Structures are given as C-alpha cells and as structure tokens.
Amino acid sequence: MSKSNPINEWFIAGLGGESISIHVNTACGFYKILSVAEEYAPFFSNLWNYTNFTNHFARCLLQQDKENFDDVICSFQVIKRD
C-alpha cells in the first residue's frame, strides 16, 4: 500500500442481492476489491463478516414473508468459533 494513494471513500455494492462487493475510491480511480494482501486480511475478514451480516439483514427486510423484526433476527444462525 505504500505505493498507492490514500483511500478517499469505500462502499459496498449489491446489498439485498446474491452478490456483494467492496469498492474503494482513490485519486487515481475506483477499484473493486478482488483479493486482499496478507497484512490486511484481519481487517477485511471483519469487514466481510459485517458486509455479509448486513446483506442478510437487507434481504430479510426485502422479503415479504418476514413480518417483524423478531422474524428477521431469528433468521440468523449462531456460529460458534473454535
């Protein structure tokens, strides 16, 4: 990253759909994140977790069969980490 420009903004595209992606904007242009350098993996791992959580939440809200907030919350699976 030392040879790159600072990130001016970042955004998530495709929320509520099947495919989501993370994009960044620098002074040189817009970029879609396809892979991450090893030193940034912990940060992007957390970002992808939040992104997937948000996408699931958005999809649930867009479905008409989810009638209330409790239904949406109950649709999440609990995953234990080792």
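Quick note: the coordinates plus some simple rules give every number you see, no bench work behind them. These numbers come from a predicted model, not from an experiment. Cβ coordinates were reconstructed from backbone atoms using ideal geometry, including for glycine residues, and neighbour counts include every protein chain displayed.
Mind checking which pairs have a first residue in the stretch 25-44 that is within 18 Å of Asn5 (Cβ to Cβ) and a second that is assigned to a helix (DSSP H, G or I), Cβ under 7 Å, 6 or more apart or different chains?
Close Cβ pairs (under 7 Å, with a partner that is assigned to a helix (DSSP H, G or I)) amount to Val36/Phe44.
Tell me, yes or no, whether the stretch 10-18 has at least one residue that is more than 24 Å from Phe57 (Cβ to Cβ) and touching a residue at least 12 places away in the same chain (Cβ under 8 Å).
Checked the stretch 10-18: no residue is more than 24 Å from Phe57 (Cβ to Cβ) and touching a residue at least 12 places away in the same chain (Cβ under 8 Å).
Condition test on Val36, is it among the aliphatic types (A, V, I, L, M) and part of a strand (DSSP E or B)?
Answer is no for this residue.
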